[in-house]
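Read through the structure below, which is laid out as structure tokens, and then see the notes.
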Amino acid sequence: MAAPGECFSVGSQVSCRTCQEQRLQGEVVAFDYPSKMLALKCPSSSGKPNHADILLVNLQYVSEVEIINDRTETPPPLASLNVSKLANKARMEKEEKLSQAYAISAGVSLEGQQLFQTIHKTGMRWVVEWERGGGGGHGWADPSAPHPRSIKDCKWQEKNIVVMEEVVIAPPYQVENCKGKEGSALGHVRKIVEKHFRDVESQKVMQRSQAQQTQKESALSS
């Protein structure tokens with residue numbers, strides 16, 4: 001592990017060898033001396049540009065540490081955080097977990113739970129579009145449209161999925177189980193349900209094909 005009193009400057013390049021003989025190398029983004037925790041930024045394992053992996057290394061389980069390039073100048077200031085955006089994301093994550101817990105406790109089928117998640121993640125927007133002459137209508141639009149309301153406003157009502165207080169989807173959650181006032185809301189929800197189950201079936205076909213291919217390769221190698 002690191003020697004007593006050793007510290008690491010943010011921005012320095014460090015190489016570590018773990019007790020399992022794994023070599024880790026990256027840029028120091030944080031170091032906590034009391035807990036001996038070192039955070040390293042490494043190239044993204046996904047290969048995507050402008051992405052990076054952050055590794056947390058417990059130096060108590062490191063047999064060797066080498067500072068490849070020590071940064072002595074003052075590191076740039078940390079980027080400002082959008083606290084409101086982070087709080088909103090945390091709230092939505094909490095709501096999603098609570099809805100999942102409710103669905104499981106209510107005995108909702110796996111198909112119903114998966115459809116709920118698909119609707120929850122569509123990212124489509126619901127807006128009220130006032131027509132000239134005082135009339136009103138509903139329509140789907142992008143997030144930049146005025147007065148957006150997210151389709152994520154869906155909830156459970158016992159075992160039914162209620163979308164935007166407009167459409168109710170009852171078990172077994174097929175297109176014909178979507179009920180509501182005829183209009184754009186019902187039509188778009190039906191399209192989402194139809195696409196969801198089409199994608200599920202395509203995934204099953206692909207999985208069966210991969211399983212059959214694996215069986216053939218195994219039979220040929222034996």
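Each value in this text was obtained by applying a stated rule to the coordinates, not by laboratory testing. Everything quoted here is computed from the prediction, not taken from an experiment. So basically every Cβ, Gly included, is an ideal-geometry build from the backbone, and we count neighbours across all protein chains shown.
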Handout entry: Peptides 99-106, 87-94 ordered by average Cβ neighbours within 10 Å, highest first
Key = 99-106, 87-94
Fill in the blank from the handout: Per the Kirkwood formula over distinct C-alpha pairs, the hydrodynamic radius of segment 150-222 in angstrom is 14.5 Å
Handout entry: Full-stretch length increase - Ser218, Asp70 - with 0.36 nm per residue and alpha-carbon distance subtracted
Key = 48.2 nm
Exercise for the section: Starting from the Cα gyration tensor of segment 69-108, take the square roots of the eigenvalues, sort them a ≥ b ≥ c, and report rounded, prolate or oblate (rounded when a/c is under 1.5, otherwise prolate if a/b is larger than b/c, else oblate). Expected result: oblate
Exercise for the section: Return the lysines within reach of Lys195: Cα separation strictly under 26 angstrom, same-chain partners fewer than 8 residues apart disregarded; answer none if there are no such residues. Expected result: Lys97, Lys121, Lys152, Lys155, Lys159, Lys179, Lys181, Lys204
Practice task
Grab the Cα-Cα distance for Gln203 and Lys85, subtract it from 0.36 nm times how many residues apart they are, and report the gain in nm with one decimal.
Solution key: 39.1 nm
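If you add up the charges near Arg17, with Lys and Arg at +1 and Asp and Glu at -1, over every other residue whose beta carbon is less than 12 angstrom from its beta carbon, what do you get?
Values: positive: Arg23; negative: Glu21, Glu64, Glu66.
Surrounding charge for Arg17 is -2.
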Fill in the blank from the handout: Partner lysines whose C-alpha sits under 26 Å from that of Lys41, ignoring same-chain residues fewer than 8 away, are Lys85, Lys89
Handout entry: Sparse-neighbour loop sites [GluC sites (Glu not before Pro); segment 1-76; at most 16 other C-beta within 10 Å; DSSP]
Key = Glu6, Glu21, Glu73
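From the C-alpha coordinates alone, can you work out the Kirkwood hydrodynamic radius of segment 1-107, in Å?
That comes to 16.6 Å for segment 1-107.
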